[in-house]
Amino acid sequence: MGNKSTKNSIGGNVEGNFIGGDANKTTNTYTKQESALPKEDKAEIEDSISKLKASIDAESNLTKDQKEKVLEQVKLIEDAVNNPDLGEKKKQAQDANSALKTMFSVLPVAAKFVEEFNNVSALVIKLLGLGVV
């Protein structure tokens with residue numbers, strides 16, 4: 001017979017379930033997996049990250065540049081929390097957590113700031129299964 005060819009193209013963001021097939025009656029099913037983090041845990045860490053960001057913004061002993069550098073690392077952790085099933089994101093969170101610990105050891109920071117970080121750090125380690133960093 002002739003050359004049978006099927007081409008599927010998907011662009012943009014795809015969420016939910018997708019069921020597709022081809023001319024040979026083969027069906028492919030793709031199901032979006034829910035996050036590995038339970039909703040309660042995700043809500044807790046998101047709340048802790050928000051508190052950490054607020055304490056960074058309020059910290060008068062940090063320069064604008066220092067705040068930006070610290071917030072970049074917090075953003076990496078936040079990204080990993082939002083995408084916990086991606087292996088590279090876990091590594092990214094682990095590296096950011098270590099970088100923040102190093103930064104906080106040399107920056108002049110208030111007790112509230114460090115307290116918020118320690119809370120986020122403990123949750124990230126526990127919820128993403130990173131082990132001790």
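No lab work stands behind these numbers, since they all come straight from the coordinates. This structure is a prediction, so every number in the text was calculated from the model and none was measured. Heads up, the Cβs are rebuilt from the backbone with ideal geometry, glycines too, and the neighbour counts pull from every protein chain shown.
With 25 Å as the limit, the listed pairs Lys39/Lys101; Lys75/Lys126; Lys42/Lys75 have Lys39/Lys101 beyond it between alpha carbons. Relative to the Cα centre, the charge distribution of the range 43-94, modelled as +1 at Lys and Arg Cβ and -1 at Asp and Glu Cβ, gives a dipole magnitude of about 160 debye. Listed by chain and number, the aspartates and glutamates whose C-alpha is less than 13 Å from the C-alpha of Lys89, apart from same-chain residues fewer than 8 away, are Glu78, Asp79. Candidate cross-link partners of Lys69 among the aspartates and glutamates, defined by an alpha-carbon separation under 13 Å and a same-chain spacing of 8 or more, comprise Asp57. Averaged over residues, the count of other Cβ atoms within 10 Å places the peptides 49-56, 60-67 in the sequence 49-56, 60-67, highest first.
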